[in-house]
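FYI, it's all coordinate maths here, none of it is from the lab. Keep in mind that this is a model prediction, so the values were computed, not measured. A quick note on method: Cβ atoms are made from the backbone with ideal geometry, for glycine too, and the neighbour counts reach across all protein chains shown.
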DNA sequence: CGAGGGCTATTACTTAAGGGATAGCCAGCC
DNA sequence: GGCTGGCTATCCCTTAAGTAATAGCCCTCG
């Protein structure tokens, strides 16, 4: 669909980050590169999502820690709305859970804010070309996370779920029974069972307990 | 059958309060709501406990200040008898001690009698769905109580569990069924069930899913 | 327009989970 | 020695969970 050859048209980028100074820094950095063009910037996650869907940039640089909607939620919302460009998380957090959750939720990269500007540009260029980029300092951590995944042959993926199935999963992860979920969502228990069956199959899980645990660990709940 | 509410089983409620007039008021209020059904009412605490255990309503509305057994004692007796539905305290007392004591003893809500009928219905509906409800005027008081919290006996605590129960909980939080846990620990499935039953009671939880979620969030797993 | 997907619902069935009760065995403790 | 608590086990019973198949309704996409 979009360019794989950067010399003709520059790759379009967007940044969503609630720190104005940091945004300014990135803007300045990108101005020096004629193959990377910043087409949008905002500090408001909601606005950022709308903007990304409107501008359809090749790449969205997304802060993980923001007031209101956090980055993870924003990422989910973007994917839900079928935004098909690259999303690279941009954060100070090097916690394993955050990295893993981001990648599980469809992030195409995870860059730390303390990286060198030259590295940053290089990584963004790679990301715009479709390559997954991860800050080098996270590789050890990532390896650890992968090792802990030995029980999951096929990594479950939220994206395969429908909106309704995600809703059911969230309620389920809150410990609710089918009956209570049914009452809460105003549908019958039988229908809840159908949704649960479907989501278990899609996620390749064998029980609601596995689903609940996975949802909590991946940050799908709340 | 209506299209807006396809779930035709209303939540069942019971009221235990020694003021006949007030009961009458609640009864009238609930008659107007087709998703809330009053299945029992009494002014006698003893009778109320027996009735609750017999009818097993989804929710018991329990007066705090009653002659004979007071509401707090009634609450304890209900939980002791393994009544698993919701219990919402219903009272004129806004004393911090009463509120805290009720919540510590497993109440799922605390509503003041001076609330507006519309609010009442809304809150009861929420409570029947499994959400904790507290009169809005109590929130400040509650925040204070939380800050002053020194010892919370009903706060789920791993240390109240025996070594074996902790082991079972860990396996459970891994998504394993009773049968698999049994095989892994080389005991019978029946024994696993006994342990699960005990740990659920100790942690004041209602299902293995709640236990699993709690364990994961508290970091008890692996 | 027809096809497909998503959401809803229903019937029928099997298996898992949970509660109550009781009991044997073994350790540590007063 | 008796008592208690922890671990094991079993029987019985009810409810919850999960599977399978079928189907209607609505929306979207080609």
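Observations on the structure shown:
- Using a 7 Å Cα-to-Cβ projection, residue B:82 label spacings across copies, nm, ascending: 5.2
- Euclidean distance of C-alpha centroids, segment A:179-222 and segment B:65-114, integer Å: 32
- Mean Cβ count within 10 Å, highest first, over the residues of peptides B:165-174, B:26-35: B:165-174, B:26-35
- Translational diffusion of segment B:11-147, estimated by Stokes-Einstein from the Kirkwood radius over alpha carbon pairs at 4 °C in a medium of 1.567 mPa s, is 89 µm² per second.
- Label point distance in nm, residue A:197-residue B:126, each placed 7 Å from Cα along Cα→Cβ: 3.5
- In nm, spacing of pseudo-spin labels at residue A:24 and residue A:163 (7 Å Cα→C-beta vector): 4.0
- Cβ-vector label at 7 Å, residue B:160, separations to other copies in nm: 3.9
- Relative frequency of Cα-Cα separations exceeding 14 Å in segment B:158-218, percent: 48
- Placing a label point 7 Å from Cα along the Cα-to-Cβ direction at residue B:138 gives distances to the equivalent points in the other copies of 4.4 nm, listed shortest first.
- Based on the Stokes-Einstein relation at 4 °C and a viscosity of 1.567 mPa s, and on the Kirkwood radius from alpha carbon pairs, segment B:88-127 is assigned a translational diffusion coefficient of 124 µm²/s.
- Peptide-level mean, for B:169-176, of C-beta atoms on other protein chains within 10 Å: 3
- Residue B:170 paired with residue A:81, simple spin-label distance in nm, labels 7 Å along Cα-to-beta-carbon: 4.5
- Counting only other chain Cβ atoms within 10 Å of each residue's Cβ, the peptide B:209-219 averages 5.
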